[in-house]
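Trainee: I'd like to ask some things about the structure below.
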Amino acid sequence: MQQDTSSHEAFTTVFARALPYLQTRHNELHTRISLDFAKRLLAAEGGDPRIVIPAILLHDIGWSKVPEAQQLLAFGPNVKDPDLTRVHEREGARMAEEILVSLGYEGERVGEIVSIIAGHDTRPESSSLHESIVRDADKLFRLSERGFAIDCERFEQDPAAYLGWVEEQIAHWFFTTSGAELARQETAARYRELRSAQSIA
């Protein structure tokens with residue numbers, strides 16, 4: 001018998017299953033912040049939370065299969081080994097399918113969620129509104145206050161220079177109108193913070 005997979009309790013259960021695999025690369029925090037953005041995008045763009053929420057909760061569990069020493073080679077402003085990104089997508093899709101099936105998710109819904117995860121960083125185009133929301137929420141983390149600080153530290157970037165680089169990515173990173181608008185708002189907030197820090201210094 002299929003279980004109700006649309007409730008808050010069901011999403012909490014998915015996150016609990018994801019949590020052990022998110023203890024690398026700041027992924028637990030990344031997932032929590034991306035989840036908040038996903039909810040905002042769902043409210044603005046529509047879409048089915050029964051697809052989007054599990055997808056965003058599980059989208060990066062595959063990084064647990066990539067050694068931490070290699071992870072920074074796969075993403076950021078100076079990518080050196082993009083094949084590792086495909087490893088985390090493939091592994092994440094496989095692991096997500098196992099989790100969702102074990103929790104009683106329906107086959108068609110599982111298929112869409114797994115498909116999103118399988119290409120959320122490397123697929124050239126988005127195949128659906130649900131995928132667009134997940135991918136936009138994922139990228140918005142980089143422009144959030146905590147995400148921006150984390151990226152500057154782990155990539156050893158000057159904040160002003162890095163913010164300029166990220167701002168240049170907005171035009172081709174975001175698929176939804178709301179995602180691009182949120183990105184511009186977050187960028188403006190980070191610029192204000194940088195100016196404030198400079199004036200204090």
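The values are calculated or read from the model by the stated rules, or taken from the named source; none is laboratory data. The structure displayed is predicted, hence computed values, not measured ones. Neighbour counts run over all protein chains shown; Cβ positions are idealised from the backbone, glycine included.
Trainee: For the subset of segment 73-124 comprising residues that are buried (at least 19 other Cβ atoms within 10 Å of the Cβ) and modelled with pLDDT under 90, which member is nearest to residue 164 (Cα to Cα)?
Mentor: So the residue we want is 75.
Trainee: Still on this structure, please answer the following. Only one of (1) in contact (Cβ under 8 Å) with a residue 40 or more places away in the chain; (2) among the small types (Gly, Ala, Ser); (3) surrounded by fewer than 17 Cβ atoms within 10 Å (Cβ to Cβ) is not met by residue 62, so which one is it?
Mentor: Of (1) in contact (Cβ under 8 Å) with a residue 40 or more places away in the chain; (2) among the small types (Gly, Ala, Ser); (3) surrounded by fewer than 17 Cβ atoms within 10 Å (Cβ to Cβ), only one is false for residue 62: (3).
Trainee: Still on this structure: If residue 105 satisfies all but one of (1) outside any helix (DSSP H, G or I); (2) free of Cβ contacts under 8 Å to residues at least 40 places away in the same chain, what's the number of the condition it fails?
Mentor: Among (1) outside any helix (DSSP H, G or I); (2) free of Cβ contacts under 8 Å to residues at least 40 places away in the same chain, the lone unmet condition for residue 105 is (2).
Trainee: Restricting attention to segment 114-131, does a residue exist that is polar (S, T, N, Q) and under 21 Å from residue 70 (Cβ atoms)? Give the derivation first.
Mentor: We begin by selecting, within segment 114-131, every residue polar (S, T, N, Q); these are 115, 122, 126-128.
Then drop every residue that is not under 21 Å from residue 70 (Cβ atoms), which leaves 122.
Yes: segment 114-131 contains one or more residues that are polar (S, T, N, Q) and under 21 Å from residue 70 (Cβ atoms).
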